[in-house]
Each structure stands twice: as C-alpha cells, then as structure tokens.
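Each remark here refers to the structure printed beneath this line.
The values are calculated or read from the model by the stated rules, or taken from the named source; none is laboratory data. Remember, it's a predicted structure, so these values are computed and weren't measured experimentally. Glycine gets a Cβ as well: all are built from the backbone with ideal geometry, and neighbour counts include every protein chain shown.
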Amino acid sequence: MLSQPTDRQLVDRALTDYTAKGWRIVSQSDSGFQVAEPKKLSSLGMALFVILPAVFGCVLFLIVPSYGIPVLVIAGIGLLIVLADYAVKKEQLHYITADYLRATAPTWILPSATGGVMCAMCGMSVTVTTKTCPQCKRPLVVSAAVHAGLKQP
C-alpha cells in the first residue's frame, strides 16, 4: 500500500495544477494556499454584442452602406460594454487546504479478491461504471489493472 502524501506534497502538486491553468498564487502555507481566479472576457457577450453585429453590419454595409454603418456603430458600442464588464469584474479568491484536496481527490477502482472491483479507499464493492463510491463518497477512477483484466493476488 502506498503511503499518504504529506500536506506539503499535496499543496505543491495542486499549486502546480492551478498555476498551469493561469491562476495567481496569493498566499501559501504548508497546509493550504489561496489563489486568485483570472478574470475572463465574456465570450457570450462578445458573440452577441460584438461579433454578430459586426458581421451583420459588414454584410449590410456591402448591400446598403447607409444601413450597415449604424449596425457597425452598435458593434462598437457592444465592444465598449464587454470591455466595461471585464474592467469591473473582481478576481475570485479561493482558499484551498490540504484536507480539502485529500477529501476530494479521486480514488482508484481496483480488482478485488472475489473477481469484482472495489474502491481502493474503503474497499466497498463497486461496478466499473460507478462514478462515486457510495460509502466514502469519493470520485472513482478506473485503474489500468481493471482495464487489463488483472486479478488481485
């Protein structure tokens, strides 16, 4: 049986994952860390208020220039609205502890001695398609041993 990772190891691994996704580290300790989620432009706002009116305005401008110009102005106003929305957004702060990481970490589905499969954390019998262990409530991941059809010794 593998030993449990220390709090520091869990925090370091999670920090690597969060920074790879573009999150900014605000503070950290041996047992937890605080990260800021990066602000994002509204893709729905860009599509509805900028891209759609801009494309429609360009097509309309080619057909009837006097009608296309007001639609292009609307696209410009839409762009200003989307940029203003981005400017007023605040970064979302999240504090994540090693206990939280340990509690939400997925566990493996392993072959059992009876020929079925079981949760590696609590030993409860589960099926390969089970997403969450009914007993320990942890997310389940199918191990390579189960995929290969190996039996537990």
Checklist entry - Considering only region 63-112, how many residues are of a type in the set (Gly, Ala, Ser), farther than 19 Å from THR6 by Cα and not in a helix (DSSP H, G or I)? => result 1
Checklist entry - Do we find a residue being within 30 Å of LEU110 (Cα to Cα) and of a type in the set (Gly, Ala, Ser) anywhere in region 3-17? => result yes
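For residues that are farther than 30 Å from SER27 by Cα and of a type in the set (D, E, K, R), scanning just region 96-153, find the one that is modelled with the highest pLDDT.
LYS131
Would you confirm, using the coordinates I've provided, whether LEU72 is exposed (fewer than 12 other Cβ atoms within 10 Å of the Cβ) and more than 27 Å from the chain's Cα centre (by Cα)?
no
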Item to check | Candidates LEU44, LEU110 - the one that is hydrophobic (A, V, I, L, M, F, W, C) and surrounded by 12 or more Cβ atoms within 10 Å (Cβ to Cβ) | outcome: LEU110
Checklist entry - Given the conditions (1) of a type outside the set (A, V, I, L, M); (2) surrounded by 15 or more Cβ atoms within 10 Å (Cβ to Cβ); (3) farther than 30 Å from ASP7 by Cβ, and given that THR127 satisfies all but one, which numbered condition is not satisfied? => result (2)
Checklist entry - What number of residues within region 1-41 satisfy the criterion of being under 17 Å from the mean Cα position of the chain (by Cα) and part of a loop (DSSP other than H, G, I, E, B)? => result 7
Checklist entry - Out of all the residues in region 3-18, is one or more loosely packed, with under 15 Cβ neighbours inside 10 Å and either touching a Phe, Trp or Tyr at 6+ places or on another chain (Cβ under 7 Å) or among the hydrophobic types (A, V, I, L, M, F, W, C) (or both)? => result no
Next on the checklist: Give me the residue from region 20-41 that is more than 22 Å from ASP7 (Cα to Cα) and basic (Lys, Arg) and, out of that set, surrounded by the most Cβ atoms within 10 Å (Cβ to Cβ).
Outcome noted: LYS39
Checklist outcome for this item: So, first residue within 19 Å of ASP99 (Cα to Cα) and in contact (Cβ under 8 Å) with a residue 40 or more places away in the chain in region 21-35, second residue part of a loop (DSSP other than H, G, I, E, B) and of a type outside the set (Lys, Arg), Cβ within less than 6 Å, six or more apart or across chains; the pairs are VAL35/TRP23
